[in-house]
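Below is one structure, written out as structure tokens; comments come after it.
The values are calculated or read from the model by the stated rules, or taken from the named source; none is laboratory data. Computed from a prediction, not measured in an experiment: that's the story for all the values here. Every residue, glycine among them, receives a Cβ derived from its backbone with ideal geometry; neighbour counts consider all protein chains shown.
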Amino acid sequence: MRIAQLAGRTVLLTPEGGAVDVPADCEGRVFERWDELLDWSRTATGGRPYDEAELEAPVPAPRQILAVALNYRPHTAEAGYEEPEAPLVFTKFPTCLTGPYTTVELPPGHVDWELELVAVIGREARRVPVEKGWDPVVALTVGQDLSERVAQLAGRPAQFSLAKSHPGFGPVGPALVSLDEVPDRDDLELTCELNGEIVQYDRTANMIFPIPQLISYLSDFCTLLPGDLVFTGTPAGVGNRRTPQRFLTPDDQLVSRIGGVGEMRHRFRRRTP
């Protein structure tokens with residue numbers, strides 16, 4: 001099942017390339033009715049053509065967006081750090097969310113890309129044991145943790161959240177993909193392309209802290225709520241660790257792809273005064 005937001009409506013994206021409105025009693029209650037939607041999706045037919053540019057962030061207003069830094073060993077090494085002993089967690093603010101095919105405004109500074117698998121919480125969770133860490137997760141989606149590096153790294157110690165929460169700095173989508181549709185939820189291929197060049201490539205099996213461990217760790221500190229998003233970390237290949245450094249510029253095209261989950265495409269423009 002692939003659930004998306006299309007021009008303000010919750011829809012099922014079909015394998016034939018169409019969109020079907022979810023039942024009226026599920027509109028606005030996707031996570032509360034998740035199991036019912038799964039049953040309905042198996043027999044839903046039809047579907048209207050749609051313009052992918054009208055797809056919006058598949059979770060319009062999550063209450064919490066949690067993100068993990070340095071969760072792939074090659075990225076940890078390129079950043080000049082030792083492997084963390086526990087997940088390094090920060091937040092992105094929900095107003096940074098945007099859809100999967102938008103144009104993002106670039107603020108002053110150096111804006112970098114970070115492709116990430118995003119775990120979508122569907123059930124309230126607190127103090128989840130590691131062996132049950134997948135239980136609160138109902139779907140996966142593609143995410144970009146766009147980051148303005150000047151502000152991010154200016155402080156001592158550095159602070160992440162503001163520099164990663166400009167409008168449009170949280171692209172997610174194109175859909176919420178239920179776990180039964182994912183070929184191997186513990187080993188998915190990640191590919192990020194900038195203007196046709198592959199700049200990031202890895203597999204989620206290479207996470208330092210896999211999703212069940214992340215969910216268990218996070219739920220020890222805060223209650224995870226339906227609709228919360230967990231950005232699970234980015235592979236090596238980000239722009240500020242390249243020689244020479246490379247950052248996003250107007251008219252760049254960034255393609256973010258995760259096998260079995262989906263693909264996003266974004267362009268960029270300078271922020272107007």
Original post:
Restricting attention to segment 55-72, and to residues there that are surrounded by fewer than 16 Cβ atoms within 10 Å (Cβ to Cβ) and out of contact with any helix residue (DSSP H, G or I) (no Cβ under 7 Å at 6 or more places or on another chain), which single residue is farthest from Gly262 (Cα to Cα)?
Top reply: Arg63
Original post:
Considering only residues of segment 242-273 that are of a type outside the set (A, V, I, L, M, F, W, C) and within 25 Å of Gln213 (Cβ to Cβ), which is surrounded by the most Cβ atoms within 10 Å (Cβ to Cβ)?
Top reply: Ser256
**OP:** For segment 32-51, state whether one or more residues are under 16 Å from Gln5 (Cα atoms) and polar (S, T, N, Q).
**Re:** yes
Original post:
Is it the case that Arg123 is assigned by TED's automatic domain parsing to the domain that holds Phe221, within 13 Å of Asp228 (Cβ to Cβ), basic (Lys, Arg) and at pLDDT 95 or above?
Top reply: yes
Original post:
Of these, Glu105, Glu116, Glu82, which one is part of a strand (DSSP E or B), farther than 16 Å from Phe231 by Cα and either modelled with pLDDT of 95 or more or assigned by TED's automatic domain parsing to the domain that holds Met207 (or both)?
Top reply: Glu105
